[in-house]
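FYI, it's all coordinate maths here, none of it is from the lab. Computed from a predicted model, the values in this text were never measured in an experiment. Reconstructed Cβ throughout: ideal geometry from the backbone, glycine too, with neighbour counts over all protein chains shown.
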Amino acid sequence: MSRIFLALLLCGSACTALPPTWRRPDSCLELLRAPAEPRPSAPSPTRNVILVTIDGARWQELFVGSDPELARANDLAPREARVALPNIWRHLIEGGVAIGAPGHGAAMYASGPEFSSLPGYQELLSGRPASECLSNRCPQIAIPTLLDRVRDALALPPAAVAAISSWERMERATSVDNHRVVVSAGRRHGVTREALRVNECASSILDFEGGPAPGHVDYRADRYTARLALEYLRARRPRVLFVGLGDTDEYGHAGDYPWYLDAYGQLDLFIGELFRTLDRMGAYGAATTVVLTTDHGWAEDFSGHGGEEPASARVWLLAAGGSVPRSGRVAAAREYHLADVTPTLLTLLGVPAAAGDRAPIVELLPREAR
Ligand SMILES: [Zn+2]
């Protein structure tokens, strides 16, 4: 699967190994051949934000490495995090700010009380604890989200704020009115998904007839979600791009530790390709902050997550690019929550605070703005 993912990301002749639907059309290769734009000599103040989430991805594999017991039980050689996730470490941890690393101050948490996906995403994107959303079945978010607020405050067209996710239910967290943003959630959900037909490559993903593996119902595997997000990024240069990946959680629930690690590795390949893409996008890339976080953790023994598993409240956050300083793993000034992310990103983007907004995560702000 890693090989297929890499092929989709980098493509070229490797595409012949993919099912016919997935052969990259020439228009995609043209984008890769496009000359890189001159890169500014220093990062610029944040003008754009790319928020990436990876569902149910534990801090242990991110900051330490594979779990010795689970690795042994699956005949896997132990791997250090820095070796297993080189792009994430290089670009986001050492090249930016990491909050929630063990031994580095207060941890970071989902507010709960239910530590599952839709409550986590509604908290993350609204900037408020999702005290009303207690399961993955809760209704459309009623509080304006990061995407809503940036679009309104900066008077942007819908194409400038986009959400692309593997899980179809994500659309209940992206906006109070998904007609006013660009959303593709799962293989078929998202009322504005047609706006993602930015080229033949993107269209072939939107038209894909395959099944939901490794998820269920209308799930779209991360490798396709990631490719679609990169095509949209290059073609539309959005001010806010939310990318919701989820294969880690699917394999976690299946009790499949080797494939869970593989999905973490796929995320790492995507992060590498994302930074390579931004590097070629000149002033746009230099003014873009990339944030990576997760919606919930797991019980200590990796058996499940939710309100009855307090350890599954623990999350983490990485950020780099634009105004974000290069501080590495920091000891956070206070205990942060998922609800602190949206006010932080609004501050970085220069969107005025509203009544009831929480204080931003100061470690992500440039020193002169703290
Ligand atoms: Zn889950």
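Our helix-only sum for the chain, with -39,500 (n - 2.57) per DSSP H run of n ≥ 4 divided by its residues, gives a mean residue ellipticity at 222 nm of -8500 deg cm²/dmol.
How far is the Cα center of the stretch 96-119 from the Cα center of the stretch 305-351, in Å? Answer, in whole Å: 7. Once you sort the root eigenvalues of the Cα gyration tensor of the stretch 53-93 as a ≥ b ≥ c, which label holds: rounded (a/c under 1.5), prolate (a/b larger than b/c) or oblate (the other case)? Taking the square roots of the gyration eigenvalues as a ≥ b ≥ c, the stretch 53-93 is oblate.
GNM, the chain, Cα, under 10 Å: largest mean-square fluctuation among LEU292, LEU76, LEU124? Among LEU292, LEU76, LEU124, the largest GNM mean-square fluctuation belongs to LEU76. Where a ≥ b ≥ c are the square roots of the eigenvalues of the C-alpha gyration tensor, would you call the stretch 230-370 rounded, which needs a/c under 1.5, or, failing that, prolate if a/b is larger than b/c, or oblate? Here the stretch 230-370 falls in the oblate category. The Cβ shell under 12 Å around ALA185 holds other residues with a net charge of +3, Lys and Arg each +1, Asp and Glu each -1. Compactness of the stretch 299-361 is given as radius of gyration and Dmax, 14.8, 42 Å, from Cα positions.
Among the helices of the chain, those built from whole DSSP H runs whose Cα atoms reach 15 Å or more along their own axis and whose mean Kyte-Doolittle hydropathy is at least -0.5 are 257-279. For the chain, the convex hull spanned by the alpha carbon atoms encloses 127 Å³ per residue. Per residue, the average separation of C-alpha pairs within less than 8 Å and at least 6 apart gives the stretch 195-304 a relative contact order of 19 percent. Mean-square fluctuations from a GNM of the chain, with a 10 angstrom spring cutoff on Cα atoms, peak among VAL291, VAL182, VAL64 at VAL64.
Comparing the stretch 68-164 with the 2.2 N^0.38 Å rule of thumb, its C-alpha radius of gyration ratio is 1.47 (two decimals).
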